[in-house]
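Trainee: What follows is a single structure, and I will ask about it in a moment.
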Amino acid sequence: MPVTADALRDEYADAVERMAGRALDALAGGGGAVVFPDPPSTAELAAVRVLGPDVFAPALMDSRPPDPETATVVASAFRVFPPADGPGAHASPAVWRDWAAGRLAVQAGAVIPAVAAPERPPQGGGWQAWSLAMAQLSALALPGLEGPVHDAARRDPLSLSRGAVRALLRRDHRTAVRLTRWLAWSERAGVTLPVEVPPMLVRLRQIGDGSARSALEMALADRLSAESARHTEKPPPTEEPPSNADEPSTGDTQATGEPR
Amino acid sequence: MTDAATDTELLATAQRWSSRALHWLHTRYRTGQGDLPPDATVDFADPDSAYKPLGEAALAASLVLRDGVAGARDLEAARDLMDLCWRQLHGGDLLYERQLRHMLLTDPVETYAHFARVGYRHQPLEDLLDSFTRLRAPNAVELLPNRRLAVANARRVIGLGDRPDWTSLSAATWLGALPEPWAVDWSTGYSITHTVFHLTDWGARPEGLPAAVRDYLRDWLPVWVDIWLEVGQWDLVGELLIVDACVGAPVCDSATWDRLAAVQHPDGLTPRDTDPVEDDPAEAFRDHEHTAVVAVIAGTATLSRVLDASSATR
């Protein structure tokens with residue numbers, strides 16, 4: 001029945017927006033965790049599945065461990081909507097999100113069956129297809145999460161950058177934000193990028209699509225980028241050979257700080 | 001893009017597309033479609049009508065002759081096309097008179113360079129242009145930075161003695177600023193390609209590109225080709241492929257060439273974009289001659305780049 005299916009889809013989409021809004025509030029508040037409705041509706045549990053590891057983002061962004069309250073809600077979501085896994089399941093981005101959310105929930109003490117990691121991260125298909133697949137996994141771009149997807153992101157900053165630039169030029173705002181978030185994550189992880197992230201963030205804010213889900217991705221990209229800027233500003237290590245001690249260090253600092 | 005099979009396939013497609021474009025162009029000029037009006041004088045009312053396309057056709061033919069990587073039939077067509085265009089310009093007299101009358105115009109020197117490149121010379125015009133090197137006025141003409149490069153390269157090709165500051169000329173362009181690659185737009189796309197054409201003299205001087213600009217282009221060309229391919233801007237995609245031939249080993253894949261070859265009509269016309277092509281031959285020529293020029297240059301630049309590279313490694 002088309003009408004019922006549409007209504008159901010709208011209800012779930014609304015729930016994702018509301019849940020993204022709650023994550024945004026927690027992120028803006030600082031020091032907290034997502035405040036979930038008690039009890040969460042079925043649609044809201046579905047929304048938790050859709051956001052995946054991002055429901056833990058407020059804690060992870062503050063370098064705190066994943067919180068048990070959120071882990072309990074993730075466990076409920078997994079009971080109602082069992083995570084997909086098994087052979088061949090690697091094709092779906094949802095499996096990676098389940099894997100990451102499940103891992104964080106277990107870390108926070110939830111008792112749930114382990115979600116098997118998909119066979120391999122996105123690969124092949126040229127930089128266009130690969131970067132689109134990575135965009136769908138942007139919820140994994142969080143501090144404190146590591147895995148094959150993160151290794152893949154670190155290995156190919158050029159393809160991520162090309163994908164982000166392509167998405168901006170095609171006015172595909174959601175993809176552009178998600179890939180820019182991966183770029184901000186990469187830079188924070190010490191990867192040198194061929195493109196500057198802060199001007200992209202400024203541009204993305206100007207042309208935002210108005211959804212809470214994009215706003216959440218945007219806020220996380222902002223936070224990751226601000227952190228990598230702080231890392232870069234750290235003074236250079238002092239264990240230089242004595243012979244260099246008299247030389248001004250500004251040249252080096254400029255060279256490394258300069259975009260290509 | 002490093003395996004030999006892909007390279008061979010790419011080169012075959014490039015050669016075929018380019019050669020068919022050259023013969024389409026040649027046929028149009030041989031049948032008089034590109035002629036200047038019979039009463040053309042130095043004061044062209046509308047220099048873009050036939051004069052600009054004529055210079056572009058001569059540019060394409062001159063590069064085929066300069067690079068010398070085409071087959072005998074293509075070389076013959078290119079030589080004949082040069083002759084036809086040179087005759088239209090009265091053996092250079094029209095350029096000379098236009099430059100003499102309008103000393104601040106840059107199109108005579110730019111057009112003449114295409115001929116001088118392959119041995120069509122006009123001594124009075126060269127003497128006139130040489131005298132300009134001792135004046136401030138012609139060099140102070142206000143031009144867009146990529147246009148200033150066009151004039152500097154034309155004077156270099158002709159062999160005039162001035163020594164422009166290529167570094168500052170290059171730095172003044174949009175491309176020279178290494179701008180945010182997501183900020184590019186359609187007309188800026190053409191500014192980029194022309195900056196590269198003139199700095200490298202259409203691929204003959206790859207070292208004319210600053211290393212940072214070359215790296216920047218190698219990073220972002222595939223993105224720009226992708227988005228303009230998606231919206232069917234065949235002419236601009238063709239220009240970007242010429243750029244690809246000017247920056248070292250190609251970064252664009254053979255699928256791009258396949259797309260352009262696939263939109264070429266059986267008679268050799270390549271549409272500039274996805275708009276319908278006019279049935280009227282004169283209109284079709286006016287709308288699409290530039291894309292034919294682009295196709296010819298893309299083919300010769302790509303073939304000569306690959307042949308240079310393979311002879312260097314032997």
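The values are calculated or read from the model by the stated rules, or taken from the named source; none is laboratory data. Note that the coordinates shown come from a computational prediction; the quantities given were computed from them, not determined experimentally. Note that we place each Cβ from the backbone using ideal geometry, even for glycine, and neighbour counts take in every protein chain shown.
Trainee: When residues of region A:140-164 are filtered for being modelled with pLDDT of 95 or more, small (Gly, Ala, Ser) and over 11 Å from A:Trp185 (Cα atoms), how many remain?
Mentor: Here the count works out to 5.
Trainee: Against the definition (among the small types (Gly, Ala, Ser), modelled with pLDDT under 95 and buried (at least 16 other Cβ atoms within 10 Å of the Cβ)), how does A:Ala105 come out, yes or no? Before the answer, list the steps.
Mentor: On the way: among the small types (Gly, Ala, Ser): yes; modelled with pLDDT under 95: no; buried (at least 16 other Cβ atoms within 10 Å of the Cβ): yes.
For A:Ala105, the condition - among the small types (Gly, Ala, Ser), modelled with pLDDT under 95 and buried (at least 16 other Cβ atoms within 10 Å of the Cβ) - is not met.
Trainee: Restricting attention to region B:256-274, does a residue exist that is modelled with pLDDT of 95 or more, out of contact with any helix residue (DSSP H, G or I) (no Cβ under 7 Å at 6 or more places or on another chain) and of a type in the set (Ser, Thr, Tyr)?
Mentor: yes
Trainee: From the list B:Gly268, B:Gly232, B:Gly248, pick out the single residue that is at positive phi, in contact (Cβ under 8 Å) with a residue 60 or more places away in the chain and over 15 Å from the mean Cα position of the chain (by Cα). Write out each step before concluding.
Mentor: Numbers: B:Gly232 fails: in contact (Cβ under 8 Å) with a residue 60 or more places away in the chain; B:Gly248 fails: in contact (Cβ under 8 Å) with a residue 60 or more places away in the chain.
Only one candidate qualifies: B:Gly268.
Trainee: If I ask for residues that are surrounded by fewer than 24 Cβ atoms within 10 Å (Cβ to Cβ) and within 12 Å of another protein chain (Cβ to nearest Cβ), which ones from region A:174-194 would you list?
Mentor: Matches in region A:174-194: A:Leu193, A:Pro194.
Trainee: Right, another one. How many residues, within region A:144-184, are among the aliphatic types (A, V, I, L, M) and within 25 Å of A:Ala108 (Cβ to Cβ)?
Mentor: Applying the first criterion (among the aliphatic types (A, V, I, L, M)) to region A:144-184 yields A:145, A:149, A:152-153, A:158, A:160, A:164-165, A:167-169, A:176-177, A:179, A:183-184.
This time we only want the ones that are within 25 Å of A:Ala108 (Cβ to Cβ), so: A:145, A:149, A:153, A:184.
Looking only at that region, the number is 4.
Trainee: In this structure, is A:Ala47 free of Cβ contacts under 8 Å to residues at least 40 places away in the same chain and on the phi < 0 side of the Ramachandran plot?
Mentor: Numbers: free of Cβ contacts under 8 Å to residues at least 40 places away in the same chain: yes; on the phi < 0 side of the Ramachandran plot: yes.
Against the criterion (free of Cβ contacts under 8 Å to residues at least 40 places away in the same chain and on the phi < 0 side of the Ramachandran plot), A:Ala47 qualifies.
Trainee: Which numbered condition trips up B:Ile242, out of (1) within 11 Å of chain A (Cβ to nearest Cβ); (2) closer than 27 Å to B:Ser311 by Cα; (3) crowded, with 20+ Cβ neighbours inside 10 Å; (4) not charged (D, E, K, R)?
Mentor: It is condition (1) that B:Ile242 fails.
Trainee: Any residue that is acidic (Asp, Glu), within 14 Å of chain A (Cβ to nearest Cβ) and assigned to a loop (DSSP other than H, G, I, E, B) - is there at least one of those in region B:264-272?
Mentor: Step one: of region B:264-272, the residues acidic (Asp, Glu) are B:267.
Filter once more, so that each one left must be within 14 Å of chain A (Cβ to nearest Cβ): none.
The answer is no, given that none of the residues of region B:264-272 is acidic (Asp, Glu), within 14 Å of chain A (Cβ to nearest Cβ) and assigned to a loop (DSSP other than H, G, I, E, B).
Trainee: Let me ask something else about it. Which of the residues spanning region B:205-235 are within 13 Å of chain A (Cβ to nearest Cβ), among the hydrophobic types (A, V, I, L, M, F, W, C) and part of a helix (DSSP H, G or I)? Don't jump to the end; show me each part of the working.
Mentor: Kept after step one, since they are within 13 Å of chain A (Cβ to nearest Cβ), are these residues of region B:205-235: B:210-231, B:233.
Keeping just the survivors that are among the hydrophobic types (A, V, I, L, M, F, W, C) gives B:211-213, B:217, B:220-221, B:223-225, B:227-229, B:231.
Result: B:Ala211, B:Ala212, B:Val213, B:Leu217, B:Trp220, B:Leu221, B:Val223, B:Trp224, B:Val225, B:Ile227, B:Trp228, B:Leu229.
Trainee: Criterion first (outside any helix (DSSP H, G or I), of a type in the set (A, V, I, L, M, F, W, C) and touching a residue at least 12 places away in the same chain (Cβ under 8 Å)) does B:Leu81 satisfy it?
Mentor: On the way: outside any helix (DSSP H, G or I): no; of a type in the set (A, V, I, L, M, F, W, C): yes; touching a residue at least 12 places away in the same chain (Cβ under 8 Å): yes.
For B:Leu81, the condition - outside any helix (DSSP H, G or I), of a type in the set (A, V, I, L, M, F, W, C) and touching a residue at least 12 places away in the same chain (Cβ under 8 Å) - is not met.
Trainee: Give me the pairs, please: first residue somewhere in region A:150-166 and more than 14 Å from chain B (Cβ to nearest Cβ) and closer than 14 Å to A:Gln123 by Cβ, second residue anywhere and at pLDDT below 95 and assigned to a loop (DSSP other than H, G, I, E, B), beta-carbon distance under 8 Å, and either six or more positions apart or on two chains.
Mentor: Filtered contacts from region A:150-166: A:Asp151/A:Pro121; A:Ala152/A:Pro121; A:Ala152/A:Pro122; A:Ala152/A:Gln123.
Trainee: How many residues does region A:123-139 hold that are assigned to a helix (DSSP H, G or I) and touching a residue at least 12 places away in the same chain (Cβ under 8 Å)? Give the derivation first.
Mentor: Filtering region A:123-139 down to residues assigned to a helix (DSSP H, G or I) leaves A:126-135, A:138-139.
Among the residues that remain, those that are also touching a residue at least 12 places away in the same chain (Cβ under 8 Å) are: A:127-128, A:130-135, A:138-139.
Final tally of qualifying residues: 10.
Trainee: Then there is this: So which of B:Gly32, B:Gly55, B:Gly91 ends up being modelled with pLDDT of 95 or more, on the phi > 0 side of the Ramachandran plot and of a type outside the set (Val, Ile, Thr)? Reasoning before the result, please.
Mentor: Numbers: B:Gly32 fails: modelled with pLDDT of 95 or more; B:Gly55 fails: on the phi > 0 side of the Ramachandran plot.
Checking each option against the conditions leaves just B:Gly91.
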